[in-house]
Amino acid sequence: MINTTLLQRLSPEPILGVSMNRVSVLRLDMIGGDAPGNKAFKLKYNLAAARAQGLERVLSFGGPWSNHLHALAAQAAHEGVEAIGIVRGECPAKPSAMLLDAADWGMHLEFVSRADYRRRSDSRYLSHLSARFGPCLFVPEGGANVEGLNGCRDIAKLLPAVNHEQGAVVLPVGTGTTLAGIACGLTGNARLVGISVLKGAVGLEQAVRDAIAESAFADPGNWEILHDFHCGGYARVSPELRTFILEFQRIQKIPLDPVYTGKAFYAAWQLIGSGAWQEPLCLIHTGGLQGRRGFPWLAEQPD
Ligand SMILES: *Cc1c(COP(=O)(O)O)cnc(C)c1O
């Protein structure tokens, strides 16, 4: 079923000289409760797995602005599950708005050194954490596991069957779990294009193939990842990206975050502007808007 309110057509008014008139946006930022976006989808089956295993506690990892920990804190509170967030680095003198939200929702925050944080997938470190906190479901950083992939497959159900001739579906990529899930769920023969927000993410394609191989699905081979639109690297903002985001928001009245959605939408704008992309597009707005509060030049902008 096409969800017409979640799938919005952009206004044809040019943005910095380029019209994005054949572009629709799937507004995942509008669904998911207190922590909307793709992380709500990634966590859904993780929390279900905790319940199925009789575990009343979930534990995961992230940085001080992590969209993932933010969403985990919100969803765990909603479902009455205890949540522990292992946060990379010292407790900041002035905690981020993300950490304040997570603490408000009852997440226990534990700050660890970067050296300890690097051990987040090491089974000995995980047993040390369960000895400390009691039995818990471990969710990898970013919700990058098979439950996360299965949840993201449900995102594809919000899209109408898109065919090759009709264009491409575009989204930002961090770990690749969301792309992997949507690739497995797409109907029609749409092309899925991921925009890497990381610089030099060699191995990202392999990570996607591995994630799909671990799931119950066959790789439909309908996806690719573009690596030249990271704007300087993870969470880096170039002056051009900043200008684009502010103009896009002013004209389209859709807020973007600079870490993920801003980069994917900016990539699409550039590829439309250069003439490389002439077909209609569906951009997936994966959320992440809580992170805007870490960028003073954006935080002052009205939504
Ligand atoms: C985490 C995140 C992504 C990346 O998702 P992956 O599954 O790690 O590729 C994209 N957009 C937003 C807003 C995110 O928070």
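The values are calculated or read from the model by the stated rules, or taken from the named source; none is laboratory data. Being a predicted model, the structure only gives us computed values, none of them experimental. Methodologically, a virtual Cβ is constructed for each residue, glycine included, from the backbone with ideal geometry; neighbour enumeration extends over all protein chains shown. These area figures cover heavy atoms from the full protein model, side chains too; ligands, DNA and RNA do not enter into them. Shrake-Rupley method; radii C 1.70, N 1.55, O 1.52, S 1.80 Å.
Please verify whether residue 48 is within 27 Å of residue 116 (Cα to Cα), in contact with a helix residue (DSSP H, G or I) (Cβ under 9 Å, 6 or more places away or on another chain) and either open to solvent by 10 Å² or more (accessible area, probe 1.4 Å) or part of a helix (DSSP H, G or I) (or both), treating the condition exactly as stated.
Numbers: within 27 Å of residue 116 (Cα to Cα): no; in contact with a helix residue (DSSP H, G or I) (Cβ under 9 Å, 6 or more places away or on another chain): yes; either open to solvent by 10 Å² or more (accessible area, probe 1.4 Å) or part of a helix (DSSP H, G or I) (or both): yes.
So residue 48 does not fit the description; no.
Can you confirm whether residue 220 is within 16 Å of the ligand (Cβ to nearest atom), open to solvent by 10 Å² or more (accessible area, probe 1.4 Å) and of a type outside the set (A, V, I, L, M)?
On the way: within 16 Å of the ligand (Cβ to nearest atom): no; open to solvent by 10 Å² or more (accessible area, probe 1.4 Å): yes; of a type outside the set (A, V, I, L, M): yes.
So residue 220 does not fit the description; no.
Is it the case that residue 59 is open to solvent by less than 40 Å² (accessible area, probe 1.4 Å), closer than 19 Å to residue 132 by Cα and in a loop (DSSP other than H, G, I, E, B)?
Details: open to solvent by less than 40 Å² (accessible area, probe 1.4 Å): yes; closer than 19 Å to residue 132 by Cα: yes; in a loop (DSSP other than H, G, I, E, B): no.
Judged against the criteria, residue 59 is not a match.
When region 260-281 is filtered for residues that are under 19 Å from residue 41 (Cα atoms) and either part of a loop (DSSP other than H, G, I, E, B) or open to solvent by 10 Å² or more (accessible area, probe 1.4 Å) (or both), only 260 remains.
Per the listing 132, 124, 119, 153, the residue uniquely surrounded by 13 or more Cβ atoms within 10 Å (Cβ to Cβ), free of Cβ contacts under 8 Å to residues at least 12 places away in the same chain and out of contact with any Pro (no Cβ under 8 Å at 6 or more places or on another chain) is 119.
Among residues of region 90-108 that are of a type in the set (Phe, Trp, Tyr), those with a beta-carbon under 7 Å from a residue that is surrounded by 15 or more Cβ atoms within 10 Å (Cβ to Cβ) at least six positions away or on a different chain give the pairs 105/73; 105/74; 105/77.
Under 15 Å from residue 18 (Cβ atoms), modelled with pLDDT under 95 and assigned to a loop (DSSP other than H, G, I, E, B): is that true of residue 301 in this structure? No, not satisfied. When restricted to residues that are under 23 Å from residue 258 (Cα atoms), in contact with a Lys or Arg (Cβ under 8 Å, 6 or more places away or on another chain) and modelled with pLDDT under 95, region 201-245 contains 0. I'm checking my understanding of the structure. Among residues of region 105-155 that are away from the ligand (no atom under 16 Å from the Cβ) and of a type in the set (S, T, N, Q), which one is farthest from residue 52 (Cα to Cα)? Going through the qualifying residues, I end up with 113.
Restricting region 235-256 to residues that are free of Cβ contacts under 8 Å to residues at least 40 places away in the same chain and not hydrophobic (A, V, I, L, M, F, W, C), the residue that is nearest to the ligand (Cβ to nearest atom) is 236. Just so you know, in region 62-104 the residues that are open to solvent by 40 Å² or more (accessible area, probe 1.4 Å) and touching a Gly at 6+ places or on another chain (Cβ under 6 Å) include one that is nearest to the ligand (Cβ to nearest atom), and it is 65.
State all residues of region 187-224 that are assigned to a loop (DSSP other than H, G, I, E, B) and of a type in the set (Lys, Arg); if no residue qualifies, say none. Walk me through it before giving the result.
Within region 187-224, the subset assigned to a loop (DSSP other than H, G, I, E, B) is 187-190, 197-203, 215-222.
Within region 187-224, just 199 meets the criteria.
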